[in-house]
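Contents: one structure, followed by commentary.
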Ligand SMILES: [Ca+2]
């Protein structure tokens, strides 16, 4: 893969900040038409930024995080799930933080890592100079939490995302003279539903479910903190040469019943490969690097973020590192730039190992193949039940994501809500995409040879 020359002298290398929200769906922002939420800071950023309107991620946390950090499909990295050893990224993976650090950047993570906590896979071992994080999938206490600060447990006072954002701001202030990479993976708006009551009160008053009011209240904290970070960049004169991303790791969660949550016309939920599980907000702004605002409608994904960052920073991909993504910097500079219409692949069936043919989608700009079934584990009961309830409420009849494979085909460009299954009208496209999936699975799951199964039925 060819990368362009340095675009700036080393002293002018851009700073990079990736603000990753947790479980914030496409429809959870005011700018996307949500009639209930107040997200003035994110909306203002969205208006000033380039928006990637066709951006996809994995339907759950750790796999998306692995792809964001490595530019590679999660199965390659050893990450298949959100629990156990399958949520531990192979320490041999090369992260964007490691590459930037080697290129002279100072690097910091402030929030949820969720890619392993042992000596080799922890963020401190994966390229981050400064680490304020926590172990495992979620903090148990969002108020006054105990956090890991550079390998040492520390008691902190306050609300989780305020603590992480304040630490990121302090890091930016201390390193303002150097190029820095800040990864701010907010643990909000993931459960537990612990939120300052004043943030949820206005949504309680709207008569929303208690869980939805709390989720939207947590979103207020995301919005406030994102705005606070931007204000500091502006005050320090760093905004112009900082590449700032706002995105999310997957769609809205089932455990919190997304059923009165605005979904912007999308179908499905977190944990499913329908678009409400995998299509998320993504905005990028770098005033010194490209003019905004523009809408980028070409198909992009989590695997493209690392190559884009390295491209913007003029840092080469280390030799021997095979990336799956490609830089979309050319699109940020010119939304009509040449862009390959690739097939992208998304799979999660909650196993400690990949299982061929279970709960996956194949996506091009026009077509989307969905095989939604395979969600048969006890731990997935809440996703199954909520999906079935969602289908009833949306007038789609009795539908399940349990049981044998079924193949659905959508003209996703014309039918973003995945309402009209065209599989029987285009069997040749279904077969072609199934074959593409098998080739992909053989490639990315090669590290789990014992889990190979027969080709997709
Ligand atoms: Ca998540």
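Criterion applied to 222, 182, 195 was being part of a loop (DSSP other than H, G, I, E, B), in the same structural domain as residue 137 (by TED's automatic domain parsing) and under 18 Å from residue 248 (Cβ atoms), and the one residue passing it is 195. The set of residues in the range 140-165 that are in contact (Cβ under 8 Å) with a residue 24 or more places away in the chain and out of contact with any strand residue (DSSP E or B) (no Cβ under 8 Å at 6 or more places or on another chain) comprises 140, 141, 162. For first residues located in the range 302-317 and farther than 14 Å from residue 245 by Cα and not assigned by TED's automatic domain parsing to the domain that holds residue 182, partners that are buried (at least 24 other Cβ atoms within 10 Å of the Cβ) and modelled with pLDDT under 95 and lie 6+ apart or on another chain with Cβ distances below 6 Å do not occur. Whether any residue in the range 248-262 is within 16 Å of the ligand (Cβ to nearest atom), crowded, with 18+ Cβ neighbours inside 10 Å and in a strand (DSSP E or B) is what I want to check. Yes, some residue in the range 248-262 is within 16 Å of the ligand (Cβ to nearest atom), crowded, with 18+ Cβ neighbours inside 10 Å and in a strand (DSSP E or B).
Out of the residues in the range 57-71 meeting the condition of being within 9 Å of the ligand (Cβ to nearest atom) and assigned to a helix (DSSP H, G or I), tell me which one is farthest from residue 100 (Cα to Cα). This residue is 61.
Counted as qualifying within the range 108-164 are the strands (runs of 3 or more DSSP E) with 2 or more residues that are surrounded by 21 or more Cβ atoms within 10 Å (Cβ to Cβ), namely 130-134.
Every listed requirement among (1) buried (at least 23 other Cβ atoms within 10 Å of the Cβ); (2) in contact with a helix residue (DSSP H, G or I) (Cβ under 9 Å, 6 or more places away or on another chain) is met by residue 339 save one, (1). The set of residues in the range 167-193 being free of Cβ contacts under 8 Å to residues at least 60 places away in the same chain and away from the ligand (no atom under 16 Å from the Cβ) consists of 167, 170, 174, 177.
For beta carbons closer than 6 Å, sequence separation of 6+ or different chains, a first residue in the range 235-255 that is at negative phi and at pLDDT below 95 and a second that is more than 16 Å from the ligand (Cβ to nearest atom) and assigned to a loop (DSSP other than H, G, I, E, B), there are no qualifying pairs.
The values are calculated or read from the model by the stated rules, or taken from the named source; none is laboratory data. Treat the numbers as computed from the prediction; the structure is a model and nothing was measured. Please note: Cβ atoms are built from the backbone with ideal geometry, for glycine as well, and neighbour counts cover all protein chains shown.
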